[in-house]
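See below for the structure under consideration.
Only the coordinates and a few stated rules stand behind these numbers; no lab work does. These figures come from a predicted structure and were not determined experimentally. All Cβ positions, even for glycine, are placed from backbone atoms using ideal geometry, and neighbour counts span all protein chains on display.
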Ligand code: ATP
Ligand code: MG
């Protein structure tokens with residue numbers, strides 16, 4: 001079986017962590033008997049600074065034929081964040097209808113959480129974030145520029161199709177786990193969009209009588225992610241709320257360097273995209289100490305998505321094993337002093 005994967009290393013530590021996964025790809029594809037062809041695209045902020053765009057005009061056409069996309073990171077100190085987002089990430093997520101963003105938050109054994117009293121094993125939930133509409137619908141405008149009475153409008157768009165899709169995916173996932181869904185809203189202050197969301201959660205939940213539903217306002221949820229993270233199973237949230245909550249999810253589980261994510265095209269018509277939750281980490285670029293595990297775990301999710309679940313499981317357990325071993329090399333974000341390459345080399349022996 002041949003899988004063709006487009007890799008977009010991107011900016012900052014993106015190329016460092018993508019280069020680090022190549023040998024892991026070679027190992028698992030050999031061991032599990034499939035061929036993985038990684039085709040590299042040097043798109044990102046450097047390209048933007050030279051030519052005014054992060055990817056070519058026909059970039060999406062180029063990517064459309066791949067089985068999946070692996071992305072490193074995008075972001076550059078000289079490029080405004082909204083440019084980065086709107087030139088590469090959002091076009092891919094929206095253009096390929098990657099409506100579901102799946103972000104596991106797992107505290108691995110052997111990893112210390114910054115939350116006092118947590119020393120491994122307890123935190124294990126997955127955030128299902130709506131990924132193509134909501135607050136990131138890119139609708140709005142500015143009026144009366146430069147007259148001291150400017151008005152800026154940023155609209156959020158919630159469709160029944162989009163909302164049902166993410167909510168249903170969350171319930172479906174809960175049936176495979178502990179059967180609990182927590183729906184995040186701000187229904188008390190946003191009486192149109194969020195009340196609509198609540199209604200859809202209620203409709204969909206009727207189809208899943210065995211799944212327990214909890215509703216939380218996003219402010220309370222931010223608190224509870226810190227106060228009682230062990231109680232969550234599947235969390236479902238809109239684009240903006242999911243974005244914010246998943247950073248909390250990443251940091252309470254020890255490091256941004258460990259958090260993977262998947263942007264899933266549900267219909268299978270277009271490629272899905274796998275990427276670490278972290279950004280370009282400009283503060284450590286070029287030091288060779290970026291933690292590659294977020295990207296490697298994203299690759300494990302990619303293998304699962306391609307149907308290579310044995311490879312996905314093998315990578316996942318090699319990482320679990322490495323983190324649980326107090327003698328194994330660790331990058332500085334996890335309190336160690338090892339280089340990216342040492343972590344990868346050690347992981348390969350476990351694979
Ligand atoms: P961007 O603008 O690209 O999102 P950022 O400034 O928001 O970048 P992040 O990349 O999200 O930064 O990183 C936040 C912090 O976490 C930084 O201090 C960074 O060094 C650290 N960090 C992120 N990813 C990793 C990693 N893979 N390994 C080690 N440290 C990391
Ligand atoms: Mg960031």
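From helices alone, the chain scores -11500 deg cm²/dmol at 222 nm; the rule is -39500 (n - 2.57) for each run of n ≥ 4 DSSP H residues, then divide by the residue total.
With N denoting the number of residues in the range 124-252, provide Rg(C-alpha) divided by 2.2 N^0.38 Å, to two decimal places.
On the way: Rg = 16.0 Å, N = 129, 2.2 N^0.38 = 13.9 Å.
Here the answer is 1.15, to two decimals.
Along its three principal directions, the equivalent ellipsoid of the range 184-287 from the Cα gyration tensor extends over semi-axes of 28, 19, 14 Å, largest first.
Take every Cα pair under 8 Å whose residues are at least 6 apart in sequence, average their separation, divide by the length of the range 131-226, and the relative contact order is 25 percent.
The ranking of 49, 107, 90 from fewest to most other beta carbons within 10 Å of each one's beta carbon is 49, 90, 107. What would the Debye formula give as log10 I(q)/I(0) at q = 0.21, 0.28, 0.31 Å⁻¹ for the alpha-carbon point model of the range 296-342, no solvent? One equal scatterer on each Cα of the range 296-342 leads to -0.73, -0.94, -1.02.
Per-residue Cβ neighbour counts within 10 Å put 278, 149 in the sequence 149, 278, beginning with the fewest.
Seen from a random direction on average, the alpha-carbon convex hull of the range 257-351 projects onto 6.4 square nanometres.
Can you give the extra length, in nm with one decimal, that the chain gains between residue 64 and residue 341 once fully stretched, where that is 0.36 nm per residue apart less the Cα-Cα distance? Could you put the intermediate results ahead of the total?
On the way: separation 277, 0.36 × 277 = 99.72 nm, distance 3.18 nm.
96.5 nm is the gain from fully extending residue 64 to residue 341.
As a length-normalised measure over Cα pairs under 8 Å and 6 or more apart, the relative contact order of the range 98-177 settles at 28 percent. Ranking of 236, 285, 5 by neighbouring Cβ atoms within 10 Å, starting from the fewest: 285, 5, 236.
Of the beta bridges DSSP finds with both residues in the range 124-252, what % are antiparallel, to the nearest 5? Roughly 30 percent of the beta bridges in the range 124-252 run antiparallel, per DSSP. The convex hull of the Cα atoms of the range 24-143, projected and averaged over all directions, covers 12.0 nm². Treating each Cα of the chain as an identical point scatterer and summing with the Debye formula, the log10 of I(q)/I(0) at q = 0.06 Å⁻¹ comes to -0.21.
Note: relative contact order over the range 29-111, using C-alpha pairs below 8 Å and six or more positions apart, is 25 percent.
Only bridges whose two residues both fall in the chain count here: according to DSSP, what percent of them are antiparallel, nearest 5? In the chain, DSSP labels about 45 percent of beta bridges as antiparallel.
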